Amino acid sequence: MIWRQFFRRIMQWFGFECYLFRRRIFIEDALKFVFEHEEAGIRASYDNFARSLNLPPKCARRIFSQLVHSGLAQELDDSISLTDTGRREALRIVRLHRLWEKYLAEETDLDPSQWHAKAHVLEHMTSQEAADSLVARLGNPRFDPHGDPIPTENGEIRSVSGVALPTAQPGDIVEVSHLEDEPVSVFRELLDRGLHLGAQLQIETSSAEGVTVRHHGETVTLSPQASQNVHVKLISKKDLRFWQKKPKTLADLGLGEEGTVTGLSPACRGLARRRLLDLGFVPGTRVRAELCSVGGDPMAFRVRNTLIALRKTQAALILIDMEKSVPR
């Protein structure tokens with residue numbers, strides 16, 4: 001019947017469109033892969049690309065051949081490098097990825113470990129008009145939430161200062177300038193250790209087993225791979241603010257104790273930060289621990305004559321000056 005033939009052709013058209021979309025994604029991923037390797041001074045090989053995207057080697061070579069055929073890259077023995085045209089296209093994709101990561105960090109409450117994967121999807125679906133709107137909303141940011149520079153629309157990109165954490169010497173006082181977000185399991189380790197952009201550390205030991213640092217008055221040990229994924233810059237003692245002692249947070253309050261809010265942790269961003277501010281946790285606000293659940297979590301705090309229940313993970317984001325217990 002005619003309608004069946006029509007339906008079959010529609011499905012074939014959608015299938016072809018999906019094929020073209022998937023092929024474009026692989027091409028754009030390949031451009032980003034080569035660009036990031038060139039920026040790091042590493043040779044971009046077919047085998048490395050195949051392992052990175054979990055592709056058969058033949059498929060990786062076919063994708064790279066398309067880059068060469070399109071004038072986006074050129075072959076060098078068993079590796080590949082970008083042409084000027086390919087580099088401009090790679091910078092466009094990198095720009096979209098980092099803009100989306102900035103948006104997800106500032107405008108959503110998505111967990112930081114999910115920013116990269118979500119941005120990877122969105123970068124392939126963003127038109128120039130949508131990109132312009134994104135830039136305007138974010139105020140034309142220069143860096144993403146991991147410390148990577150966001151290329152300009154003209155393809156200009158800033159250099160990043162800092163060295164890998166393992167190259168720092170014991171006794172050095174440093175500030176985190178970049179956190180690598182891949183692989184996710186390693187990035188999760190960094191987040192769980194309380195590290196974030198601008199975190200100040202004192203190097204205690206550095207060896208093949210990892211790096212031990214002093215952060216917020218506590219000793220933190222990072223695995224070798226996690227250490228390599230942290231870049232830092234040296235700072236002087238006069239610039240120190242936070243590493244000497246662990247700051248008190250709302251999570252440290254016991255029942256009947258009070259504190260005065262001094263700020264929110266730098267690790268608290270986006271909607272989560274705005275939500276706490278909207279609830280009244282602004283500098284200078286007095287807070288009292290009023291009620292506690294049977295298990296101790298969540299806990300209710302009195303803020304400006306209102307009881308607000310927070311989990312410990314949320315309370316730990318609110319910095320305070322503690323006061324002595326006050327009888328009711």
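The values are calculated or read from the model by the stated rules, or taken from the named source; none is laboratory data. All values reported here derive from a predicted model rather than from experimental measurement. Virtual Cβ from ideal backbone geometry, glycine too; neighbours counted across all protein chains shown.
Screening the stretch 105-142 for residues that are of a type in the set (A, V, I, L, M, F, W, C) and without any contact (Cβ under 8 Å) to a residue 12 or more places away in the chain and picking the one that is farthest from V184 (Cα to Cα) gives A136.
Selection of the stretch 158-186 for residues being buried (at least 16 other Cβ atoms within 10 Å of the Cβ) and in contact with a helix residue (DSSP H, G or I) (Cβ under 9 Å, 6 or more places away or on another chain) yields L165, P166, I173, V174, E175, V176, L179, E180, D181, V186.
Could you go through the stretch 223-240 and let me know if any residue there is over 30 Å from R88 (Cα atoms) and touching a Leu at 6+ places or on another chain (Cβ under 7 Å). Among the residues of the stretch 223-240, at least one is over 30 Å from R88 (Cα atoms) and touching a Leu at 6+ places or on another chain (Cβ under 7 Å), which makes the answer yes.
Here's the yes/no breakdown for (1) assigned by TED's automatic domain parsing to the domain that holds V230; (2) touching a residue at least 24 places away in the same chain (Cβ under 8 Å); (3) in contact with a Phe, Trp or Tyr (Cβ under 8 Å, 6 or more places away or on another chain); (4) closer than 30 Å to E28 by Cβ:
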{"site": "G155", "(1), (2), (3), (4)": "no, yes, no, yes"}
{"site": "D172", "(1), (2), (3), (4)": "yes, yes, no, no"}
{"site": "V176", "(1), (2), (3), (4)": "yes, yes, no, yes"}
{"site": "L190", "(1), (2), (3), (4)": "yes, yes, no, yes"}
{"site": "L197", "(1), (2), (3), (4)": "yes, yes, no, yes"}
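For the stretch 63-98, filtered to residues that are assigned to a helix (DSSP H, G or I) and in contact with a strand residue (DSSP E or B) (Cβ under 7 Å, 6 or more places away or on another chain), the residue that is surrounded by the fewest Cβ atoms within 10 Å (Cβ to Cβ) is V68. Do the conditions hold for E101, that is, is it of a type in the set (D, E, K, R), assigned to a helix (DSSP H, G or I), in contact with an Asp or Glu (Cβ under 6 Å, 6 or more places away or on another chain) and within 20 Å of E39 (Cα to Cα)? Here the answer is yes, as E101 does meet what is asked.
So, in the stretch 148-170, how many residues would count as being more than 19 Å from L201 (Cα to Cα) and assigned to a helix (DSSP H, G or I)? Adding up the residues that qualify gives 0. With respect to the conditions (1) part of a helix (DSSP H, G or I); (2) modelled with pLDDT under 85; (3) surrounded by 15 or more Cβ atoms within 10 Å (Cβ to Cβ); (4) not small (G, A, S), L55 lacks only one, and its number is (1).
Does the stretch 145-152 contain at least one residue that is outside the structural domain of A40 (by TED's automatic domain parsing), crowded, with 16+ Cβ neighbours inside 10 Å and among the β-branched types (V, I, T)? Yes, the stretch 145-152 contains at least one residue that is outside the structural domain of A40 (by TED's automatic domain parsing), crowded, with 16+ Cβ neighbours inside 10 Å and among the β-branched types (V, I, T).
A quick yes/no check of all residues on (1) at pLDDT below 90; (2) surrounded by 14 or more Cβ atoms within 10 Å (Cβ to Cβ); (3) not aromatic (F, W, Y):
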| site | (1), (2), (3) |
| --- | --- |
| V213 | no, yes, yes |
| L222 | no, yes, yes |
| Q225 | no, no, yes |
| V232 | no, yes, yes |
| K238 | yes, no, yes |
| G256 | yes, no, yes |
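Would you confirm, using the coordinates I've provided, whether A40 is under 23 Å from the mean Cα position of the chain (by Cα), among the hydrophobic types (A, V, I, L, M, F, W, C), loosely packed, with under 12 Cβ neighbours inside 10 Å and at pLDDT below 95? For A40, the condition - under 23 Å from the mean Cα position of the chain (by Cα), among the hydrophobic types (A, V, I, L, M, F, W, C), loosely packed, with under 12 Cβ neighbours inside 10 Å and at pLDDT below 95 - is met. Restricting to the stretch 281-302, name every residue that is over 33 Å from the mean Cα position of the chain (by Cα) and farther than 14 Å from A251 by Cα. Hit for the stretch 281-302 is V294, nothing else. Taking first residues from the stretch 208-236 that are under 24 Å from V160 (Cα atoms) and partners that are part of a loop (DSSP other than H, G, I, E, B) and basic (K, R), the Cβ contacts under 7 Å between residues at least 6 apart in sequence or on separate chains come to L222/R193. Here Q202 fits the description: buried (at least 16 other Cβ atoms within 10 Å of the Cβ), polar (S, T, N, Q) and more than 22 Å from L317 (Cβ to Cβ).
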